[in-house]
Amino acid sequence: MRILAVIGALAIIGAIAAAVFFFGGYYNVAATEPDLGIVHWALTQVRTVSIDRHAKDNPPAGYDDPAKIQEGARQYSVIGCVNCHGVPVAPGSTWAKFSEGLHPDPPGLKELANDITPAQLFWVIKNGINMTGMPSFAGSAKDEDLWSIVAFVKKLPIISEADYKSWTATPPAPAPSPTPIPTPTATPTPSK
């Protein structure tokens, strides 16, 4: 019985110490400071199990069709994924300067592609992740477009830089059509 009392007292003291540390302002929340190991571990575990629990959507039939993959590359570029995750097929990939301050760092999608299921990837793109900088695209993009991004990301390990550039290139503006020359019309003569 005495052992249980000691364990209970230690648990209470530990909880009070943690509360003082976190709620007393001693924990530094600056993005320039790395998280404590236990905080990093806890956030990673919570994120992983939450995504696993909520990611239930199955990919639509043909979502990984080559045309959908190409559309996914365009959508990736258009909706702004490239700003934080960079051009994933380019060596020494660059991204927007502001993303260098995100904490945690945006993951390298080429490396992540084989470690996450299509359902998990779709859920993250659609819903975002709190406290990471990953926004939700639920209100700004159609599910069809999000699935095309999923197809593109899943194929990243085998997509070449040349393919990505050709798929995301802005199509040339159509040539201006020549201005038609108006045909003269007969001027009506006034009747008497």
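No value in this document is a laboratory result; all are computed from the given coordinates. As the structure is a computational prediction, the values presented were derived from the model and not from experiment.
Points worth noting:
- For the chain, the membrane-span-like helix rule (DSSP H, alpha carbon extent of at least 30 Å along the helix axis, mean Kyte-Doolittle at least -1.0) picks out 2-23; this says nothing about an actual membrane.
- Global form of the range 63-133, assessed from the alpha-carbon gyration tensor, a/c cut-off 1.5: oblate
- Equivalent ellipsoid of the range 122-165: semi-axes from √(5λ) of the C-alpha gyration tensor, largest first, are 23, 13, 9 Å.
- Amide H to amide H distances under 5 Å link Met134 with Ile129, where only residues 5 or more positions off or on other chains count and H is placed in the peptide plane.
- Helix-only mean residue ellipticity at 222 nm for the chain, each DSSP H run of n ≥ 4 adding -39500 (n - 2.57), per residue, nearest 500: -15000 deg cm²/dmol
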